[in-house]
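Every number in this text was worked out from the coordinates using simple rules, so none of it is lab data. Computed from a prediction, not measured in an experiment: that's the story for all the values here.
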Amino acid sequence: MGPLDSIFTSDNSEQQWAHQISKNFDDELVIDISDVPVSVFSVPKAISAFKPEAYVPQIIALGPYHHFRPDLYQMERYKVAAVRSFLNFHQIVNFQTLLIDQLKRLEPTIRACYHKYLDLNDDTLAWIIAIDGLFLLDLLRAYSDDFAGKKMTQDSILCRDIVILENQFPMILLKEIRKTLQLVVVDENNYDYELYKMLRDFCVAHSPLPLGIKSELPPGTKIIPLHLLDLMYYLIVNTRAAKVSPEESSPKKSDVAMEGEKKKRDVILNVSEIVEVTLSLGIGGEALRPLQVISNLPWEKIYNLLGLKTLDKLNKINTPIVEEISVPSVTYLCNMAGVKFKPTGGIRDVEFDEKEGILYLPVITLNDNTEVMLRNLVAYEAAISNSGLEFAHYMDLMSGIINTAEDAKMLTEKGIIKGELTTQKIVDLFNGMNKSSLKIGNRTMEKINEYFSKKPRVKMYRFWKKKVNDSWKVLTFISTILLLLLLILQSFCQVYGCPRFFGRSN
């Protein structure tokens, strides 16, 4: 981030910030926000850089992060119309005093839910939370009705936007809206089971993976999610979400390679300039011919032969490269090591049985919006501090063993992959997924690699491949040296003229 970058867009924004900070000093004496968890995170660029469009809503914004985007604002009329149909006449007439004023009193709590600074005044923020919260409640209520639920399920883009991490709506604010408008019936412990059921029904309808617990709550168990995506993550992985956010970190770029190439390019340019200037002054003559030879060398080809990238090519790399996972593919495991694949329960049931040579994987259902859900689940897991990266480890494993359409086809035939995607789209989905930054701890992949390496057929194949590669390396080295010599000779001949050295005339 440059020294001139700022969270403010104008002087008014700075004044608004100062007013809010001053106001929060007084408000937080009345409202204790120490127990309010940060639940809606902004996606770090290190994650979103792989596919930015997967982390932003396409048609509708929920909450303040994307609310005023011009391409999404046209949906405001639709949201307001949905909210009006959701409320009765008395609630509409007294909307300001019933809900807006109450939300303005809870401004510190609202701001505490969001990871990013909100450059909005209290009145604007209260209206955003009121309209978007009621719209989401109206949408979730549809899942309690079979007909409406099926209709909402068909609107895949809308459902896609609801699971975006930056589009999450805090559960604590949904409960407050329902309580203020008397839309809720709570038990003796102030638990809103109806709201939980609506969120859970959405997860049951759209989760790409089996839920980790029974769809109905066990007796005496109360799950209090932070928001919809948190509940889906919990039901899939059965791990509680964090209440605090680690500092957003950005990847540090290594400039060593670019600096080295820049120095080489500067030397070449300097040599060329020396030659041009001295010749233009009429000095140099024969003494400058060696410099002309150096300047005329085909440096681009030499860089390629030596496996180096020029500065121009480095500047063209604008997107990060997805890292490869070191684990054999499905076809290799099956054909080379005789590994079998069988469906199992959930993510925590992923296991490789070394004795039987069986890899157990949960059934995953893939459609056009599944990639967005998977990416945002991975991003959410990376944002919370108490996760064991179980979901990321599962995604790493799937990304590693699926390399070709044949791999996807085999898992589809075994009933592990279901859905409407073609085998090639399945490959593209998993191969394009950003990998976990944690290199240790994935015991399943370690066991697979150990089992695969011990197979006699694999040992023989690797021995043969190593010998062939070694021989090709020698041949490649010899041919590279020969080609470099020929290129130097060609440059030399362009300056001095080779025919006279070989006894030939032009």
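Under 5 Å between amide hydrogens, built in the peptide plane, is the criterion, and for T344 it picks out L361, V363 among residues at least 5 positions away or on other chains. Between the amide H of K418 and those of I364, T365, L366, distances stay under 5 Å, these residues lying 5 or more places away or on another chain, with hydrogens modeled in the peptide plane. Shape class for segment 61-120: oblate, because the ratio a/c of the largest to smallest gyration tensor axis (alpha-carbon atoms, square roots of eigenvalues) is 1.5 or more and b/c is at least a/b.
Beyond 19 Å in Cα-Cα separation lie the following of the pairs K355/K409; K340/K425; K342/K418: K355/K409; K340/K425. Cross-link pairs exceeding 31 Å between alpha carbons, from the set K51/K79; K51/K116; K51/K454: K51/K454.
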